[in-house]
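Asks: Here's a structure for you.
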Amino acid sequence: MADQTPKALLADKGYDADAIRADLAERGIEAVIPGRSNRRVPIEHDRKLYKQRNQIERFFGRLKINRAIATRYDQLVDSFLSMVHIATARYWLKFVHAA
């Protein structure tokens, strides 16, 4: 797999820290993180892009239905990734069959 630099980091308010934002800015990654309510200076974020985080969270929730993925049963990266591929294909087949 080729190493690719992400364009943005979608994260929840728990990752709202100046150090994290500075590190992302240094690496040229957009921080799509809403600011905490106790911030003195509110921070703007791309709300449209942040909404996609919900879809990502739901997808991982569906993947974790498979016990081997949820518990990280496979110790090797390749075997774990193959289980993720199989689980993704199973979910995709259900989606295509329903359509």
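The values are calculated or read from the model by the stated rules, or taken from the named source; none is laboratory data. Given the structure is predicted, the values throughout are model-derived calculations rather than measurements. Neighbour counts run over all protein chains shown; Cβ positions are idealised from the backbone, glycine included.
Asks: Tyr73 - would you say it is touching a strand residue (DSSP E or B) at 6+ places or on another chain (Cβ under 9 Å), among the aromatic types (Phe, Trp, Tyr) and without any contact (Cβ under 8 Å) to a residue 60 or more places away in the chain?
Replies: no
Asks: Filter the range 1-50 down to residues that are under 26 Å from Val77 (Cα atoms) and of a type in the set (Val, Ile, Thr) and give me whichever is modelled with the highest pLDDT.
Replies: For the range 1-50, the residue satisfying everything is Ile29.
Asks: Residues that are in contact (Cβ under 8 Å) with a residue 24 or more places away in the chain, within 27 Å of Thr88 (Cα to Cα) and among the aliphatic types (A, V, I, L, M): find the helices (runs of 4 or more DSSP H) completely inside the range 1-70 holding 1 or more of those.
Replies: Those helices (runs of 4 or more DSSP H) span 47-63.
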